[in-house]
Structure formats: structure tokens, C-alpha cells
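The values are calculated or read from the model by the stated rules, or taken from the named source; none is laboratory data. These numbers were taken from a predicted model, which means no experiment stands behind them. Note: ideal-geometry Cβ built from the backbone for every residue, glycine included; neighbour counts use all protein chains shown.
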Amino acid sequence: MTDIIRVLIVDDSAYVRKVIRQMLSRSPFIEVVGAARDGREALELVEQLKPDVVTCDLIMPDLDGVGFVREQMRRRPVPIIIVSVASESGELVLAALDAGAIDVVQKPTALATDRLLEVSEELLAKVKAAAGSRMYRPTPVAASRPTPVAASVPVGPGGGPSKPGQVAVVVIGISTGGPQALKVLIPRLPADLPVPVAIVLHMPVGYTELYARKLNEDSALTVVEARDGQPVLPGTVYLAPAGRHLSFHRNGGGAVVTRLDVRPLDLPHRPSVDVLFQSAADVYGSRVLGVVMTGMGSDGKEGSAWIKAKGGTILTESEQTCVVYGMPRSVVEAGLSDSEVQLEQMAEAVIERL
């Protein structure tokens, strides 16, 4: 990563190109080296200008954003951040992420100064993270068949293993590069997985329900966007909805159910990996397996410490396969990781610990 991050802006709106340029110009470490009006022009400018990062709209004439991402990744992988309006292009955003884009920022739809500032901070952070990312392209796999390893684990009341000390729940925290990585991990888990899985994926509001449906189609497990008060059952994956924290709670009958809440409000992410991990440790004690995967920042470090304090286990994705080695690094450097695992081996590592 060079001292100055060279960025190419791709958007068919002159106004949006101007606004994004102004946002990025707030950082002395970012230089906008060019702007393209559609995917076709963007392909030419990437070849000419060799930018470190590309920001890209989705709905454009001639060659749209998804087409640009696919063709650019075929020619020469480059970090691409999608800047789009959620209500218009949910399917397209997921298609662009599948094609190789590494992150997404919601395009400002109004001129409100506070909203523009909020988007600006997010965009600057993601551009800086993208500039230091590695263009790791895992190959998604078909849904996994049941395995003797998972099938042999006895299951007790409420979905937990019948023997004390065994894993009763798997909790996953993931961010930049997460949509692609989860498409590798979750389909490799068998249909008869004897524990529930809960995931916090940092993703803008408007995409998590659709992403959960897509991941469900590819997986042997049942994948759902979590709702408030759902029973937590083995063989089910609960994805935290964007904008609300996901946690666990025991109801009056002692069964574990999901809880969704906008509070606490003072955390940098909502949903927060730390909130999920801490609640898992509080409810399940030592029987928690936490997994911290690719992503910028340090969300998950405090939650991992909570899990470890209760006697649980933490796996981190190894640097070699992370798109951004931020969240796992913070856990490793804090001495909280029990094992570093490459993405393609993560499902096996999880099953082994069941």
C-alpha cells in the first residue's frame, strides 16, 4: 500500500461523482485520479491509471456495475467498493460481491449534511481498508452432506450437547470480505450440525434478509435473518439484521431465544460482534465456540475476551485468506486466539471442536 491511495470513481451521475470526490478529498492520503461514467469507460481508465481502489455505482448505461466488476476481476483484480442505493439494487449488490467487489457503502440519497458526513467517514474508512486488502478469491462449494463427526455428537435439551464442556453454540463475527467468505464456510457445514450458529456480518441496512435467503439456497443448514424472540435451534444459522444487535436470552422456561435491540447505541457497529459474543458467553458459559473472520477494525476482540474468560474457544481466520486482516489480527495480538485457520479449512476446524 502506497502513502497516497489512488482512487477511481465510477458513476453515471455527475453530481454523485462530484460528491464522492469531495468526500474522498477530506483525506490527505487519498487522491482521486479519475472518474468514469459507466463500466466500459471504467475498464479503460483502470488500465490507464492503475488505481489502488475503485468506487463503483451499479445501475449505469452500456456496462453496469456488476458487469464491470466481473470483467475487471477477469482482467486484473483490483479492490472495488460498491456505492449504491439499497432500495434500488439489493440483488445487484449481492451479485457484485459474488463477482469480487469487497465492500458496499450506501449512496447518500439526500443533501442532509449529517448524513453526508456519516457516509463520508464510512467511505474513507473502507477505501483505506480496501487499499490494504488482499484480493483473495475463494471458490464457493456445494452444500455439505451429513458427516459422521457431526452426527455422532449427542444433543441435549434446548439444542446444546448433553455432555458438559462441549460446544453448544457457534458464533461468528465477520466484516469486509464477509459475504464471499461465508459462502465458503456455511455450505461446508453439514445438515445435521448439532448446534446453532449465529453470525454478525457488517453490512448496510437493506441487504441482510436477501443475503440470508441466498446463503440458505446454497447451504444444507437453514439460514435465516434473525427475528426477535426466535427459539435458538441446532442446524439453524441466525444472521443478525443490519441495524440491530443480536444476542441470546433465556426465557421463563429456560429455553434460549434470540433478542434484537438497537441498544447499546454507543458502539461503532450495529450489529456488534462484541454484543453477540458476550451474550453467548453469558448464556452458554464455556460451551461457546467463537470464530472471528476477515474484516477491518477490532469488533470481536472484547467479545472474544469475554468468551475466553468463561472458558470458551476462539478460532481466527488466518492472514493468508483474509481480505482484510483487521478483526482477526486484533484478537490474535490480544492473545485470545486458540487457533488460526485458513478459510477453506474453517468448517472442518469448527466440526472438529464439536
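A few comments on the model shown:
One line per residue, one yes/no per condition, for (1) of a type in the set (Gly, Ala, Ser); (2) in contact with a Gly (Cβ under 7 Å, 6 or more places away or on another chain); (3) over 25 Å from GLU302 (Cβ atoms):
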residue: VAL224; (1), (2), (3): no, no, yes
residue: ARG227; (1), (2), (3): no, no, yes
residue: VAL256; (1), (2), (3): no, yes, no
residue: LEU260; (1), (2), (3): no, no, no
residue: ARG263; (1), (2), (3): no, no, no
residue: PRO271; (1), (2), (3): no, no, no
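- Which listed residue, of ASP274, ASP299, ASP266, is part of a helix (DSSP H, G or I) and in the same structural domain as ILE174 (by TED's automatic domain parsing): ASP274
- Residue in the range 11-29 that is more than 18 Å from MET73 (Cα to Cα), in the same structural domain as GLY65 (by TED's automatic domain parsing) and part of a strand (DSSP E or B) present: no
- Output for the range 302-354, where each listed residue is in a strand (DSSP E or B) and not polar (S, T, N, Q): ILE314, LEU315, GLU317, TYR325, GLU340, VAL341
- Within the range 263-285, being modelled with pLDDT under 90 and either within 21 Å of GLN166 (Cβ to Cβ) or of a type in the set (A, V, I, L, M, F, W, C) (or both) holds for LEU265, LEU267.
- The condition of being charged (D, E, K, R) and modelled with pLDDT under 95 holds for only one of ARG353, ARG329, that being ARG353.
- Residue in the range 76-89 that is assigned to a strand (DSSP E or B) and more than 17 Å from ALA125 (Cβ to Cβ) present: yes
- ASP12, sole failed condition from (1) buried (at least 18 other Cβ atoms within 10 Å of the Cβ); (2) closer than 25 Å to MET135 by Cβ; (3) in contact with a Pro (Cβ under 8 Å, 6 or more places away or on another chain): (2)
- Entry remark, the range 302-323: residues being closer than 18 Å to THR176 by Cβ and either outside the structural domain of LEU193 (by TED's automatic domain parsing) or β-branched (Val, Ile, Thr) (or both) number 3 in total.
- For the criterion of being of a type outside the set (Asp, Glu), at pLDDT 55 or above and closer than 19 Å to SER272 by Cβ, VAL141 fails.
- Out of LEU267, LEU239, sole residue that is of a type in the set (A, V, I, L, M, F, W, C) and either in contact (Cβ under 8 Å) with a residue 60 or more places away in the chain or under 25 Å from PRO187 (Cβ atoms) (or both): LEU239
- Among the residues of the range 39-73, the one identified as at pLDDT 95 or above, in a loop (DSSP other than H, G, I, E, B) and of a type in the set (Asp, Glu) is ASP52.
- Matching entry among VAL46, VAL32, VAL54, VAL19 (being touching a residue at least 60 places away in the same chain (Cβ under 8 Å), in contact with a Leu (Cβ under 8 Å, 6 or more places away or on another chain) and crowded, with 18+ Cβ neighbours inside 10 Å): VAL19
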